[in-house]
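Written out below as structure tokens is the structure these notes cover.
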Amino acid sequence: MGQLRVGMIGYEFMGAAHSQAWRTVNHAFDLPLSARMSVICGRDEAKVSAAAAKLGWAGHSTDWRAVVARDDIDLIDICSPGNTHAEIALAALAAGKHVLCEKPLANTVAEAREMTRAAAQAQTAGVRVMCGFNYRRTPAVALMRQLVAAGRIGELRHVRAVYLQDWIVDPQFPLVWRLRREVAGSGALGDIGAHIVDLTQFVTGQLIGKVSALTETFVKQRPLPTVSAGLAAAGNGGGATGEVTVDDAALFLARLDGGAVATYEATRFATGRKNGMRVELNGSTGSLAFDFERMNELEFYDATLPSAEQGFRRILVTEPEHPYLAAWWPPGHPIGYEHTFTHEVRDLIAALAAGVEPTPSFTDALQVQLVLDAVERSAATGSWTEVEAVLEAV
Ligand SMILES: NC(=O)c1ccc[n+]([C@@H]2O[C@H](COP(=O)([O-])OP(=O)(O)OC[C@H]3O[C@@H](n4cnc5c(N)ncnc54)[C@H](O)[C@@H]3O)[C@@H](O)[C@H]2O)c1
């Protein structure tokens, strides 16, 4: 069997999640290519070497440019913060490597556009890209998309999407990279809002056309961190503070191009909500509802049933007929967060082997970036704002 030799940049949260996926994928799915975990990269020699041993990588490096230049690497997996995505992806594509890039694709539309152009150019030489919107690969979400496409909820009227976390409610939580615009691009908007933008467009098949938004930063100064990696960095205790330069919360109304209306809310200040990503769709003949904290379930209300039998019912999405699940456990034995990443690399490997473009492509991810950009412009002006069409943007 042919190999797919992977070099991964970043070894913390997404680095660990993607490692789990690369480690597992060929043991769960029958694929024409076998993933080889060749090299993991980070800036700290001791930490990246420990990560390589713990996560199962054959080698490690402290220089992503050296990893990109290696001729025994086929794919670069970018698991570092947003300010690094464009530079690493562009170098990798120029070197003829396939690229898997974490979301959001970039920190600005300009960067995302450049990456999309480079991907289109590289595609002519058989080089492929994917952006890591992993929640698409939750079986219940994939089933939701199938039911919408099959017309089971009729004409779509409402989309209601929230992504709620609470990890920075404490004003003493330090100024980690996710709270600095020059590293993260935006706050809750790009970090978690991007997921519900992609997910709702994926399940409905409709794109967001215009938005009316507000953003808020509740805590404007925070202690400087002693360690700036990850979600759980410690404060310095020395009293020095820095400015929070991103949104803590982003809310917007939207019109979708297929006629549905939508509301979105992304916040890190929803006290008590840890990873509450919920999406509800209401159509003319039914509704569907998903909550990531109950990720093996999908709620379905079928308004075509006799009224005496109507009611939301819970589909336990663990049957072998459900997307991805034939590879896992008997019915009723649930899967978890990490499986979304295994499914992501499964689909990526299958597309590479078939010589087709994986999804979401950089073009898809640029379109999400254009929505984020429209939200920020709308919040700044207080008016309804059109989302730039993706083809014009490229
Ligand atoms: N798909 C998801 O659900 C999801 C979840 C969390 C984060 N993300 C995305 O993944 C990316 C990484 O986030 P994270 O939570 O893993 O962050 P993290 O802070 O946990 O890890 C970032 C890693 O990048 C490394 N890094 C930073 N700058 C680097 C450089 N110049 N060269 C080499 N390595 C560098 C750090 O050492 C660290 O290992 C971000 O784009 C984020 O938006 C996606």
Evaluate the following for Ala353: is it surrounded by fewer than 20 Cβ atoms within 10 Å (Cβ to Cβ), assigned to a helix (DSSP H, G or I) and in contact with a Pro (Cβ under 8 Å, 6 or more places away or on another chain)? yes
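On the given criteria, is Thr318 touching a Pro at 6+ places or on another chain (Cβ under 8 Å) and polar (S, T, N, Q)? Explain how you work it out, then say what you get.
Working: touching a Pro at 6+ places or on another chain (Cβ under 8 Å): yes; polar (S, T, N, Q): yes.
Considered against the rule, which asks whether it is touching a Pro at 6+ places or on another chain (Cβ under 8 Å) and polar (S, T, N, Q), Thr318 comes out as yes.
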Please state which of the following conditions Trp177 fails to meet, knowing it meets all the rest: (1) within 11 Å of the ligand (Cβ to nearest atom); (2) under 22 Å from Leu370 (Cα atoms). (2)
List, please: which pairs have Cβ atoms under 8 Å, are six or more places apart or on different chains, and start with a residue in segment 32-46 that is among the charged types (D, E, K, R) and end with one that is loosely packed, with under 14 Cβ neighbours inside 10 Å? Arg36/Gln3; Arg36/Ala58
Within segment 81-103, can you find the residues that are in contact (Cβ under 8 Å) with a residue 60 or more places away in the chain, within 14 Å of the ligand (Cβ to nearest atom) and open to solvent by 20 Å² or more (accessible area, probe 1.4 Å)? Pro81, Asn83, Thr84, Lys103
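Yes/no per residue for (1) more than 30 Å from Leu189 (Cβ to Cβ); (2) assigned to a helix (DSSP H, G or I):
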position: His18; (1), (2): no, yes
position: Ser34; (1), (2): yes, no
position: Ala50; (1), (2): yes, yes
position: Trp57; (1), (2): yes, no
position: Ala89; (1), (2): no, yes
position: Ala92; (1), (2): no, yes
position: Gly96; (1), (2): yes, no
position: Val99; (1), (2): no, no
position: Asn107; (1), (2): no, no
What is the one condition in (1) touching a residue at least 40 places away in the same chain (Cβ under 8 Å); (2) in contact with a helix residue (DSSP H, G or I) (Cβ under 9 Å, 6 or more places away or on another chain); (3) open to solvent by 20 Å² or more (accessible area, probe 1.4 Å) that Arg5 does not satisfy? (2)
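Answer with yes or no whether Val25 is within 11 Å of the ligand (Cβ to nearest atom) and part of a helix (DSSP H, G or I).
Working: within 11 Å of the ligand (Cβ to nearest atom): no; part of a helix (DSSP H, G or I): yes.
No: the conditions fail for Val25.
Does Leu4 fit the bill of being part of a loop (DSSP other than H, G, I, E, B), hydrophobic (A, V, I, L, M, F, W, C) and more than 12 Å from the ligand (Cβ to nearest atom)?
Values: part of a loop (DSSP other than H, G, I, E, B): no; hydrophobic (A, V, I, L, M, F, W, C): yes; more than 12 Å from the ligand (Cβ to nearest atom): yes.
So Leu4 does not fit the description; no.
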Those residues that are of a type in the set (A, V, I, L, M) and either open to solvent by less than 20 Å² (accessible area, probe 1.4 Å) or under 18 Å from Ala327 (Cα atoms) (or both), I need them from segment 14-36; list them, please. Ala17, Ala21, Val25, Ala28, Leu31, Leu33, Ala35
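Out of curiosity, is Glu344 assigned to a helix (DSSP H, G or I), surrounded by fewer than 20 Cβ atoms within 10 Å (Cβ to Cβ) and out of contact with any Asp or Glu (no Cβ under 8 Å at 6 or more places or on another chain)? Reasoning before the result, please.
Numbers: assigned to a helix (DSSP H, G or I): yes; surrounded by fewer than 20 Cβ atoms within 10 Å (Cβ to Cβ): no; out of contact with any Asp or Glu (no Cβ under 8 Å at 6 or more places or on another chain): yes.
No: the conditions fail for Glu344.
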Would you be able to say whether some residue in segment 136-150 is closer than 19 Å to Gly355 by Cα, surrounded by fewer than 24 Cβ atoms within 10 Å (Cβ to Cβ) and in contact (Cβ under 8 Å) with a residue 60 or more places away in the chain? no
Would you confirm, using the coordinates I've provided, whether Arg65 is within 11 Å of the ligand (Cβ to nearest atom) and over 24 Å from the mean Cα position of the chain (by Cα)? yes
For Ala120, all conditions in the list (1) touching a residue at least 40 places away in the same chain (Cβ under 8 Å); (2) closer than 18 Å to Ile349 by Cβ; (3) more than 16 Å from the ligand (Cβ to nearest atom) hold save one; what is the number of the exception? (2)
Quick check on my filter: what residues within segment 299-327 are more than 15 Å from Arg137 (Cα to Cα) and among the hydrophobic types (A, V, I, L, M, F, W, C)? Phe300, Ala303, Leu305, Ala308, Phe312, Ile315, Leu316
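The values are calculated or read from the model by the stated rules, or taken from the named source; none is laboratory data. Model, not experiment: these values are computed from the prediction. Reconstructed Cβ throughout: ideal geometry from the backbone, glycine too, with neighbour counts over all protein chains shown. Side chains included, ligands, DNA and RNA excluded: accessible areas come from the protein's heavy atoms. Shrake-Rupley method; radii C 1.70, N 1.55, O 1.52, S 1.80 Å.
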